[in-house]
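Chemist: The structure follows.
Derivation of every value follows stated rules applied to the coordinates shown; laboratory data play no part. Not measured: the values here are computed from a predicted model. Here Cβ is always computed from backbone atoms with ideal geometry, including for glycine, and neighbour counts include all displayed protein chains.
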Amino acid sequence: MANILVYALHYEGAINKNSLGAVSEAARLAGELGGEAHAIVVGQADDALAGSLGEYGAKKVYRADAPEGLAQPVVDAMAKVIQDGDYSYALFGGGLLGFEIGAGLAARLGAGVAMEVTAVRAEGGELIAERPILGDSAISEIKYRSDVGIIIGRLNAFEARAGGSGAAPVEDVAVELSPHAQQATMVTRGEQRGADVDIEGADILVAGGRGLGKAEGFQLAEELAGAFGGNSAVAATRAVVDAGWYPYAAQIGQTGKTVAPKLYLAAGISGAIQHKVGMQASENIVAINKDANAPIFEFSDLGVVGDLNKILPKLTEAIKAKKGG
Ligand SMILES: Cc1cc2nc3c(=O)[nH]c(=O)nc-3n(C[C@H](O)[C@H](O)[C@H](O)COP(=O)(O)OP(=O)(O)OC[C@H]3O[C@@H](n4cnc5c(N)ncnc54)[C@H](O)[C@@H]3O)c2cc1C
């Protein structure tokens, strides 16, 4: 039977949104394959939290007594459940921890792995994963030859869909941690800079793209958002999030958040279709780009052709002066 096992990350009494998306997607796919989606949680998850994954389609939830938030203990736990059970696939919702666990699990089981997967479909009784390649300009399709196939989604690739058949049964599983899985301990756990900002609820968004040049370039965007004050925040394109310049929580677009602020100010953003779908409903779109042919000007209310390194500080000064005056 083609069962699918999903790792569900939890933090401060809530299941991670990407994990909920992965459970929902696994439930959909398992249904098409004639199998079941099961989830595994690690660490301090009470019955209500673990069982709530049933709402997203998990038919059973394993709970392993091991440290949460570290990759290797989860690899041990998932490898045991997969080896003792009957699983054809393991699915992850993406994020750095998912990448690390998925890669470790692939090495442990000798399994095939596809990362940055944006879509999965069932065909002929097996799963086919789609993964963008060549700078996202083409899509490759991946089938698995191994007994277990590992699918690691791109962040936000799978939509969380509640409405399952209530709480899932929770089964405790005893895991013997391998020596190397006990060599790391969690020192602190928290959110990245900007992760606590409510991008979706902001009235004014200053969005930065690769044109900001480097991570430090975001200071220009933060200063401008600070000058606007009130309900304003900084957002980002996927290109800069992937480069590690800004947190995923601030990503706008197809695989990020969808926003509709009163003002969307795009600095150094080309205006790719995958970005546009996340912000095109904004009331007023202002774009600053040094390339007069940048696609973003096609859907901007106001376009400024020029170097953002000169324009952003002047704009910040002007807004501060206006507010002060
Ligand atoms: C399946 C899939 C999903 C995707 N999901 C998303 C998503 O959710 N969100 C998203 O944003 N993207 C997404 N992408 C990626 C998207 O296709 C683009 O690659 C990305 O949006 C480009 O980001 P960017 O505009 O920051 O960078 P670039 O395209 O490199 O643009 C940088 C811009 O900055 C300008 N610039 C450079 N220097 C300066 C300067 N000094 N002053 C002014 N302007 C300057 C340049 O002229 C250029 O137009 C996705 C792609 C795929 C295939």
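Chemist: Restricting to segment 62-110, what's the tally of residues that are assigned to a strand (DSSP E or B) and in contact with an Asp or Glu (Cβ under 7 Å, 6 or more places away or on another chain)? It would help to see each step written out before you state the result.
Modeler: So the first thing to find is which residues in segment 62-110 are assigned to a strand (DSSP E or B), and the list is 62-64, 87-92.
Filter again for in contact with an Asp or Glu (Cβ under 7 Å, 6 or more places away or on another chain), leaving 62-63, 91.
Counting residues in segment 62-110 that are assigned to a strand (DSSP E or B) and in contact with an Asp or Glu (Cβ under 7 Å, 6 or more places away or on another chain) gives 3.
Chemist: Sticking with this structure for a sec: Which residue, of 68, 36, is closer than 21 Å to residue 161 by Cα, in contact (Cβ under 8 Å) with a residue 12 or more places away in the chain, touching a helix residue (DSSP H, G or I) at 6+ places or on another chain (Cβ under 9 Å) and acidic (Asp, Glu)? Explain how you work it out, then say what you get.
Modeler: Numbers: 68 fails: closer than 21 Å to residue 161 by Cα.
Answer to the check: 36.
Chemist: Looking at segment 201-219 only, could you name the residues that are within 12 Å of the ligand (Cβ to nearest atom) and in contact with a Gly (Cβ under 8 Å, 6 or more places away or on another chain)?
Modeler: Keep residues of segment 201-219 that are within 12 Å of the ligand (Cβ to nearest atom), which gives 207-214, 217-218.
Result: 208, 209, 210, 211, 212, 213, 217, 218.
Chemist: Same structure, new question: Please enumerate the residues belonging to segment 129-154 that are in contact with an Asp or Glu (Cβ under 9 Å, 6 or more places away or on another chain) and part of a loop (DSSP other than H, G, I, E, B).
Modeler: Correct list: 143, 144, 154.
Chemist: Name every residue in segment 111-128 that is assigned to a loop (DSSP other than H, G, I, E, B) and out of contact with any strand residue (DSSP E or B) (no Cβ under 8 Å at 6 or more places or on another chain), in order of residue number.
Modeler: Within segment 111-128, 124, 125 meet the criteria.
Chemist: Are any residues in segment 136-183 exposed (fewer than 14 other Cβ atoms within 10 Å of the Cβ) and either of a type in the set (Val, Ile, Thr) or within 16 Å of the ligand (Cβ to nearest atom) (or both), and if so, which ones?
Modeler: 137, 138, 139, 140, 141, 159
Chemist: Also, quick follow-up: If you take the residues in segment 257-282 that are surrounded by 18 or more Cβ atoms within 10 Å (Cβ to Cβ) and of a type in the set (Val, Ile, Thr), which one is nearest to the ligand (Cβ to nearest atom)?
Modeler: Ranking the candidates gives 269 first.
Chemist: Quick one: would you say residue 231 is within 8 Å of the ligand (Cβ to nearest atom) and either in contact (Cβ under 8 Å) with a residue 24 or more places away in the chain or buried (at least 18 other Cβ atoms within 10 Å of the Cβ) (or both)? First the steps, then the outcome.
Modeler: Working: within 8 Å of the ligand (Cβ to nearest atom): no; either in contact (Cβ under 8 Å) with a residue 24 or more places away in the chain or buried (at least 18 other Cβ atoms within 10 Å of the Cβ) (or both): yes.
Considered against the rule, which asks whether it is within 8 Å of the ligand (Cβ to nearest atom) and either in contact (Cβ under 8 Å) with a residue 24 or more places away in the chain or buried (at least 18 other Cβ atoms within 10 Å of the Cβ) (or both), residue 231 comes out as no.
Chemist: Please pick out the residue among 271, 278, 229, 244 that is touching a Lys or Arg at 6+ places or on another chain (Cβ under 9 Å) and on the phi > 0 side of the Ramachandran plot.
Modeler: Details: 271 fails: touching a Lys or Arg at 6+ places or on another chain (Cβ under 9 Å); 278 fails: on the phi > 0 side of the Ramachandran plot; 244 fails: touching a Lys or Arg at 6+ places or on another chain (Cβ under 9 Å).
Of the residues listed, the single one that is touching a Lys or Arg at 6+ places or on another chain (Cβ under 9 Å) and on the phi > 0 side of the Ramachandran plot is 229.
Chemist: Based on what the data block shows, is residue 244 surrounded by 20 or more Cβ atoms within 10 Å (Cβ to Cβ) and farther than 20 Å from residue 317 by Cα?
Modeler: Numbers: surrounded by 20 or more Cβ atoms within 10 Å (Cβ to Cβ): no; farther than 20 Å from residue 317 by Cα: yes.
So residue 244 fails the test.
Chemist: Could you look through segment 4-33, keep only residues that are part of a strand (DSSP E or B) and without any contact (Cβ under 8 Å) to a residue 40 or more places away in the chain, and pick out the one that is farthest from residue 157 (Cα to Cα)? Don't jump to the end; show me each part of the working.
Modeler: To start, the set of residues in segment 4-33 that are part of a strand (DSSP E or B) comprises 4-7, 10-11, 14-15.
Cutting the leftovers down to without any contact (Cβ under 8 Å) to a residue 40 or more places away in the chain gives us 14-15.
On the way: 14: 20, 15: 17 Å.
My answer is 14.
Chemist: Turning to a different aspect of this structure: Restricting the first residue to segment 274-290 and requiring it to be in contact (Cβ under 8 Å) with a residue 60 or more places away in the chain, which pairs with a second residue that is more than 14 Å from the ligand (Cβ to nearest atom) meet a Cβ separation below 7 Å and a spacing of at least six or different chains?
Modeler: Partner pairs satisfying both residue conditions: 282/260; 282/261.
Chemist: Tell me which residues, restricted to segment 263-275, are closer than 16 Å to residue 211 by Cβ and not polar (S, T, N, Q). Can you show your working first?
Modeler: Going residue by residue through segment 263-275, those that are closer than 16 Å to residue 211 by Cβ are 264-272, 275.
Hits for segment 263-275 are 264, 265, 266, 267, 268, 269, 271, 272, 275.
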